[in-house]
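The values are calculated or read from the model by the stated rules, or taken from the named source; none is laboratory data. All of these numbers come straight from a predicted model, not from anything done at the bench. We place every Cβ from the backbone using ideal geometry, glycine too, and count neighbours over all the protein chains shown.
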Amino acid sequence: MEENEANHSDTLLEYCAKQMVRNWDNRKYRSQIIRRLHTANVDVVDSIVDEFIKEKKLSEGILCQFLPSICYHLNLTGCDFLRNSVLRQISFYCKNLNVLVLDGCKQLSNYTLQYILQNCWKLEVLSLKGCYLITDGPFITSCSLFYGLHALVSLRRLSLSRCSQLYGEFAIAVVKNCSQLCDLDISYCRHITQDALMKLFSLYYTQINASYIPAMNDEVLAQLAPRCESLRSLQVAHTSITDAGLASFLPHCPNLRVLDISNSTVLTDAALLCLSTATPKLHSLAVDNNAVTDRGVCAVLSKVPIRRLSIAFCSAITDASFSSVEDSQLEEVNVTWCGKLTDATFQRLQNCRKLLKVGISGCAISKPVQHLCEAKGVVFF
């Protein structure tokens, strides 16, 4: 009963937001909305802004009218047209924000970010993916109580992915202030040094994405290892990690659910053999474009309850990898450009009771077998 009421409430909320966006050009209707903004339900205001973004109708003027009424959640993903002067108003009007997502807001400056870090005391989620103007500067500030980076104290999730001007000096502020941080994404920050990574990984995390960072190596993994009991997701694609480093690290991660070691050309079957004994709860694995063979894939599928497996561009994979796949828990498989696979593999895959999606680009699968799989509800991509 309560669930039905919640669903009805969500539907009504979406309807109201759509109606407001649809009728925004009506000046009389718009003036009524503006008058009621300050007394509106917070969730309604958030939904209206989200709807404007979804319909690609958000402008700087519209956002400025809504900012004083936004309290807890603001997602401006992809709004690269917003000028820095507009983004700066967030720190003035939205001091009680819990979630702030500015992914793709390319005009965000260091000064604006520093104002946000100083004034949004209750921030728990901060995402700045692709804000390429950001450097280490906003995280380096005076120790004065009045100019402290108060937002860091309450942060639980921080994403700095593709902030390509970061070199790692921000690590000191993170380690010093972010005692509650459990989710860190620094992928594609290619200039981050090994020293900075060693500092960052002195904290305890549940999710880490350090993909495409050349300094991410076995020594950094060894620093992280003693603090990995609660680690659930680790993404380290295209790094310098080796089989030996992974083998010594994985036994420290009994609760690991998600692992991405794609595009790491030095990793081999030895890494997958470690998974079969060290990560009993792993359900998502990506080893795209690695030098793995049937031996490693068979070991994983036979001993680990994998639900999502991606081995795209692994040219050595043959039908033997899926010889006993019928009893697996697979829900999604990506074998894109595994050119040695034949119809035999896909006939076996169609017998997986939970299988929903299969990536087959570049594979030699016949139309009859493809149609047979589709008839059983399997979606190809």
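Phe170 fails exactly one of the following numbered conditions: (1) surrounded by fewer than 22 Cβ atoms within 10 Å (Cβ to Cβ); (2) under 17 Å from Ser127 (Cα atoms); (3) not aliphatic (A, V, I, L, M). What is the number of that condition? Unmet for Phe170, out of (1) surrounded by fewer than 22 Cβ atoms within 10 Å (Cβ to Cβ); (2) under 17 Å from Ser127 (Cα atoms); (3) not aliphatic (A, V, I, L, M): (1). With respect to (1) modelled with pLDDT of 95 or more; (2) small (Gly, Ala, Ser); (3) crowded, with 17+ Cβ neighbours inside 10 Å, the lone exception for Ala320 is condition (3). For the stretch 210-233, a tally of residues being over 21 Å from Pro280 (Cα atoms), among the polar types (S, T, N, Q) and touching a Ser or Thr at 6+ places or on another chain (Cβ under 6 Å) returns 2. Filtering the stretch 186-201 to residues that are touching a Leu at 6+ places or on another chain (Cβ under 8 Å) and surrounded by fewer than 22 Cβ atoms within 10 Å (Cβ to Cβ) leaves only His191.
Can you pull out the residues in the stretch 1-44 that are part of a helix (DSSP H, G or I), touching a Phe, Trp or Tyr at 6+ places or on another chain (Cβ under 6 Å) and at pLDDT 70 or above? The one that is part of a helix (DSSP H, G or I), touching a Phe, Trp or Tyr at 6+ places or on another chain (Cβ under 6 Å) and at pLDDT 70 or above: Val21. The set of residues in the stretch 119-136 being of a type outside the set (A, V, I, L, M, F, W, C) and within 26 Å of Gln207 (Cβ to Cβ) consists of Lys122, Glu124, Ser127, Lys129, Gly130, Tyr132, Thr135, Asp136. Screening Ser315 with (1) in contact (Cβ under 8 Å) with a residue 40 or more places away in the chain; (2) loosely packed, with under 15 Cβ neighbours inside 10 Å gives one miss only, at (1).
Considering only the stretch 226-258, state which residues are touching a strand residue (DSSP E or B) at 6+ places or on another chain (Cβ under 9 Å) and among the charged types (D, E, K, R). Selection gives Arg232, Arg257. Quick one: would you say Gln114 is under 20 Å from Cys189 (Cα atoms) and either of a type in the set (Lys, Arg) or assigned to a loop (DSSP other than H, G, I, E, B) (or both)? Spelling it out, it is not the case that Gln114 is under 20 Å from Cys189 (Cα atoms) and either of a type in the set (Lys, Arg) or assigned to a loop (DSSP other than H, G, I, E, B) (or both). Every residue in the stretch 214-255 that is farther than 18 Å from Leu200 by Cα and touching a Lys or Arg at 6+ places or on another chain (Cβ under 8 Å), please. The answer is Pro254, Asn255.
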